[in-house]
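The values are calculated or read from the model by the stated rules, or taken from the named source; none is laboratory data. These numbers were taken from a predicted model, which means no experiment stands behind them. Cβ sites come from the backbone with ideal geometry, for glycine too, and all protein chains shown count toward neighbours. The accessibility values were calculated without ligands, DNA or RNA, using every heavy atom of the protein model including side chains. Shrake-Rupley method; radii C 1.70, N 1.55, O 1.52, S 1.80 Å.
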Amino acid sequence: MTFEEFGLNEKILDAISYMGYEKASEIQELAIPVIMEGNDLLACAQTGTGKTAAFMLPILNHLSAEDNHDLSTLIIVPTRELAIQINQQIQGFSYFLNINSVTVYGGRDGSDWEAESKALTTGTNIIVATPGKLISHLNLGYVKFDKLKHLVLDEADRMLDIGFYDDILRILSYVPADRQTLMFSATMPQKIRDLAAKILKNPVELSTAISKPAEGVLQAAYVVYENQKIPIISGLISNKPDLDSILVFSSTKKKVFDIVKSLKKAGNATEGISSDLEQKEREEVLMRFRSRRTRILVATDVLSRGIDIKDINLIINFDVPSSAEDYVHRVGRTARADKTGIAISLINEHDMDKFDRIEKLIGDEILKIPVPEELGEGPVYKVRAPRKSNRNYGKKRYSSGRKPGTGQASSN
Ligand code: AMP
């Protein structure tokens, strides 16, 4: 479906055409007409599916028809990175419109406070905010949301995981009851349904293909001992100049530091990012990674949702994530919007059951590549409840142990 078919304003169509969007993605096709009709929406959609445009285009279409300077739209998101990224997309979509948007998020040095408070009191149409910082402004009494017409909660499940439930309800107490509310969540646990029941009015419910990595991702795994992980990564990426944007996920901040150290030692331009870094440092690290000055970025899950870095060619799960949903989000960092990418997971002897849960969630068995001979044998892949494979790789159980004649199979 093309964007012309939605009946969007010409200026918006021009902007998205400049941005290179040709066809609407699934979530856009489903959500845009529903939002344009004024409905509340509860949508289950992952990152990388184009959901920002799905909610922003109809909102901008409505605002462009009104042509006023009210603060009419509030978008609440879990992280500052996501706030920045959504704001960048809004600036693209509204390039030919007389509409302003600002971000409100914590972690800066305080110089932004005045600009934010000015934007919250005059002249801005759209605010993209993280809950904590927005509440600090609300506490001072000058924020007026009385003209607000559109409220979006993005990555709602992530916000509840972080513990923003009370903050969200608090913010809602400042917002007019007569509004359109759109809630996006990658997963739909009961607590999300409960929140939806509290804040949405007769919502239309939509779901795009749930919990499946994008089609273009080649997924594979090595079953390894911890000390084999760095040599595996080194082997995978050495002499592969095409792999110039590699994202490594680790479960803990402490490990990020260790992995960066080891990969640097092996001669790779590597940096780490975790919530320990100041906001400014995080932005600088991301900028160097985006511009390909840093080949490898090592991150905790803070980055795994919502962050839009184009053309990451390889994702490495240094650890198997604890939540199967996080696997999908990590892997969703590559192969965005019709591209292809590779996602490799390193499974140690303690993580096999976790990995099995991931395979169950995505309904697929992920290819286990034998550990290269020179690294010695890896552990045997065993899960507590073996199940029927729905894809045939020729074996039910995989051993990553040495096999004559097999080497590193992935992107060689
Ligand atoms: P999102 O899920 O909103 O974070 O979007 C993921 C990426 O896909 C962003 O880089 C968008 O600019 C891009 N994108 C979204 N919709 C489309 C589309 N219809 N055609 C091409 N790219 C898109």
- Query: So, of the residues in the range 214-232 that are under 16 Å from Gly341 (Cβ atoms) and touching a strand residue (DSSP E or B) at 6+ places or on another chain (Cβ under 6 Å), which turns out to be most open to solvent (accessible area, probe 1.4 Å)?
  - Reply: Leu218
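Please pick out the residue among Asn98, Asn87 that is touching a residue at least 12 places away in the same chain (Cβ under 8 Å) and part of a helix (DSSP H, G or I). Write out each step before concluding.
Values: Asn98 fails: part of a helix (DSSP H, G or I).
The match here is Asn87.
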- Hey, Gly48 in a loop (DSSP other than H, G, I, E, B), assigned by TED's automatic domain parsing to the domain that holds Ile171 and more than 14 Å from the ligand (Cβ to nearest atom) or not: no
- Query: From the residues in the range 313-330 that are within 16 Å of the ligand (Cβ to nearest atom) and either open to solvent by 10 Å² or more (accessible area, probe 1.4 Å) or at pLDDT below 80 (or both), which one is nearest to the chain's Cα centre (by Cα)?
  - Reply: His329
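Which residues, taken from the range 264-290, are part of a strand (DSSP E or B) and over 17 Å from the mean Cα position of the chain (by Cα)? Steps first, please.
Initial filter on the range 264-290 (part of a strand (DSSP E or B)): 270-273.
Listed by number, the residues that qualify are Thr270, Glu271, Gly272.
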- Matching residues in the range 4-36 (farther than 15 Å from Lys51 by Cβ, within 10 Å of the ligand (Cβ to nearest atom) and touching a residue at least 12 places away in the same chain (Cβ under 8 Å)) number 3
- Message: Looking for something among the β-branched types (Val, Ile, Thr), part of a helix (DSSP H, G or I) and open to solvent by less than 10 Å² (accessible area, probe 1.4 Å) - is there at least one such residue anywhere in the range 68-82?
- Response: no
- Item | Pick from the range 136-147, criterion open to solvent by 10 Å² or more (accessible area, probe 1.4 Å) and not hydrophobic (A, V, I, L, M, F, W, C), ranking: nearest to Asp112 (Cα to Cα) | Ser136
- Matching entry among Leu134, Leu172, Leu151 (being under 23 Å from Gly38 (Cβ atoms) and either touching a strand residue (DSSP E or B) at 6+ places or on another chain (Cβ under 7 Å) or without any contact (Cβ under 8 Å) to a residue 12 or more places away in the chain (or both)): Leu151
- Does Ser64 meet the test of being small (Gly, Ala, Ser), in contact with a Ser or Thr (Cβ under 9 Å, 6 or more places away or on another chain), away from the ligand (no atom under 16 Å from the Cβ) and over 28 Å from Lys198 (Cα atoms)? yes
- For the range 18-45, how many residues meet the condition of being among the polar types (S, T, N, Q), open to solvent by 20 Å² or more (accessible area, probe 1.4 Å) and touching a Gly at 6+ places or on another chain (Cβ under 7 Å)? 1
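Condition check ((1) within 19 Å of Ile315 (Cα to Cα); (2) at pLDDT 90 or above; (3) touching a strand residue (DSSP E or B) at 6+ places or on another chain (Cβ under 7 Å); (4) buried (at least 17 other Cβ atoms within 10 Å of the Cβ)) across all residues:
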{"residue": "Leu346", "(1), (2), (3), (4)": "yes, yes, yes, yes"}
{"residue": "Phe355", "(1), (2), (3), (4)": "yes, yes, yes, yes"}
{"residue": "Lys360", "(1), (2), (3), (4)": "no, no, no, no"}
{"residue": "Gly363", "(1), (2), (3), (4)": "no, no, no, no"}
{"residue": "Leu375", "(1), (2), (3), (4)": "no, yes, no, yes"}
{"residue": "Gly378", "(1), (2), (3), (4)": "no, yes, yes, yes"}
{"residue": "Ala385", "(1), (2), (3), (4)": "no, no, no, no"}
- Item | Filtered residues of the range 1-51 (kept if out of contact with any Phe, Trp or Tyr (no Cβ under 9 Å at 6 or more places or on another chain) and among the β-branched types (Val, Ile, Thr)) | Thr2, Val34, Thr47, Thr49
